[in-house]
Each structure stands twice: as C-alpha cells, then as structure tokens.
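Written below as structure tokens is the structure these notes are about.
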Amino acid sequence: MAISHMSVDINTRLAALPAFPTLSGPRVRLRGPRPEDADDVFALFSDAAVMRYWSSAPMQALEQAQGKIEEMLDAFDRREMLNWLIADPRDGRVIGSCTLFRFDARHRRAEIGYALRSELWGRGLASEAVALALDWGFRDLALHRIEADIDPRNEASRNLLGRLGFRPEGVLRERFFVGDEPTDSELHGLLVQDWRDRPR
Ligand SMILES: CC(C)(COP(=O)(O)OP(=O)(O)OC[C@H]1O[C@@H](n2cnc3c(N)ncnc32)[C@H](O)[C@@H]1OP(=O)(O)O)[C@@H](O)C(=O)NCCC(=O)NCCS
C-alpha cells in the first residue's frame, strides 16, 4: 500500500529530477532555459500577436526576458513549475515555451500552457511540443489529469487542445483581466485514459 502510493507521488518524482528533462520530437526539442536564451525569449514574449490572449502585456525590454528566465530556473529549483523552452533541433534556437505548472500531487493534476513564435504558426510545431510535454507528464510524473484554460476567443489554442484530445469543460466568467478587460476563461481537460486511447 505504502509502496504503491509512493510510486505515484508526483512531488517525489519532481524532486528526483536531476535537471530539466529534455524531450525530443522530429521537429522540436523541449529543454530547460539558459541565460543566453534571453534574446529569443524576448522576441517571443514581446510579440503582440503571441500576447493577445495572455494575462500579461507584451515585454518591452530585454531585462524582462532575463528576469523571466531567472524565474523559470528558480521555479524549477523549487519544483513548482517546469517551464521548458521549445527549441529548433537544427540550430538550438528558441522558438517557443511550454509549461507544466500548478502541480497538485494529491489529485495528480497539473496545468499546461504554451506559446510559439508567430511566424511559425500553422505548421503543427506547437502541437508537437505540447504532445511531448503531455506524454512526459502522464508517463514520468504519473499525472492523472492535465488542464488548460484559454480565452474563449483563442481559436488557435482551442484547436490545438481539441487535436490533442482535450475536452471543453465549461466557461468561468470574467476570471482574468487581459489588460484592463475582464475576460472569461474556458477550461479544457485531458485524462490519462484519453491520452492512452487517443487515435494515432
Ligand atoms: C496557440 C498556438 C501555440 C498554436 O500554434 P499553431 O502553430 O497554430 O498550432 P499547431 O502547432 O497546433 O498548428 C496547427 C495548425 O498547423 C496545421 N498543421 C500543419 N502541419 C501539421 C502537423 N504536422 N501536425 C499538426 N498540425 C499541422 C494544422 O492544420 C493547423 O492549422 P489550422 O490552425 O488552420 O487548423 C499559437 O497560436 C500561439 O502561440 N498563440 C499565442 C500564445 C497563446 O495564446 N497560447 C495559449 C494560451 S492558453
């Protein structure tokens, strides 16, 4: 009993990670952030198209990207958040971000978030990256459920989630401020059995 409970303890599994796991697909690689990624992270999060439905404003200065990388590394040290950067395996350049966060060990649940450089949208790269993170979360962390919440106007994000098997589970009214605007939040959920049974 104690052993089987231990075997799925998410905090134990997170604590046992020696470093950011690197996850490789055919066209993307997820890896931990490094200080020298600041220019690429700034290019990503200063793009108004990327930040349209984000809960913070586009970055305006490189120092904000440097600070964000420090926060990503600190949050990993505390094992509170796994904020991978999505890199192009051909040259290692950062093209996006993919995060598992809000781990709830008791309920074996986490949330996922993602963003891709806007000039690369529409090629399936974000889907590939998010699929790598989901697969790792279900297999290696033994998560039972992964959630995403999106702005209901964010069609690209809704399509991505639907393609990966998430189901829409309801709308929470005016849950976020995007800029000064109170904004609804549409919750999507994916269970481990949905992921195992997904069409491939
Ligand atoms: C959400 C976001 C990551 C989606 O990026 P994307 O490139 O459109 O998503 P995908 O990687 O899933 O690509 C899907 C598109 O590529 C096409 N595609 C081409 N080749 C593909 C392949 N091999 N596999 C899957 N899709 C492929 C799909 O048909 C799809 O096109 P469609 O949107 O016309 O249906 C991107 O819009 C983004 O960064 N937005 C800003 C940040 C954001 O809002 N994040 C979400 C917050 S919750």
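Only the coordinates and a few stated rules stand behind these numbers; no lab work does. If you're wondering where the values come from, they're calculated on a predicted model, not measured in any experiment. Note that each Cβ is placed from the backbone with ideal geometry, even for glycine, and that neighbours are counted across all protein chains shown.
Each Cα pair under 8 Å and six or more residues apart adds its separation to the average, and for region 1-92 the resulting relative contact order is 34 percent. With 0.36 nm allotted per residue and the present C-alpha distance subtracted, the A49-E128 stretch has 26.4 nm of extension available. For a bin width of 10 Å, list the pair-distance distribution of region 5-197 built from all Cα-Cα distances, rounded to whole %. P(r) for region 5-197, in whole percents per bin: 9, 36, 40, 15, 1. Using only side-chain charges placed at the Cβ, +1 for Lys and Arg and -1 for Asp and Glu, the dipole size of the chain relative to its Cα centre rounds to 900 debye. Between region 37-64 and region 71-120, the C-alpha centres lie 15 angstrom from each other. Listed by Cβ neighbour count within 10 Å, with the fewest neighbours leading, T12, T99 appear as T12, T99.
Taking 0.36 nm per residue of separation and subtracting the current Cα-Cα distance, fully stretching the chain between R90 and A16 would add 23.7 nm. The residues M81, M72, when put in order of fewest to most other Cβ atoms within 10 Å, stand as M81, M72. Between A61 and F177, the simple spin-label model (points 7 angstrom out along Cα→Cβ) gives 2.2 nm.
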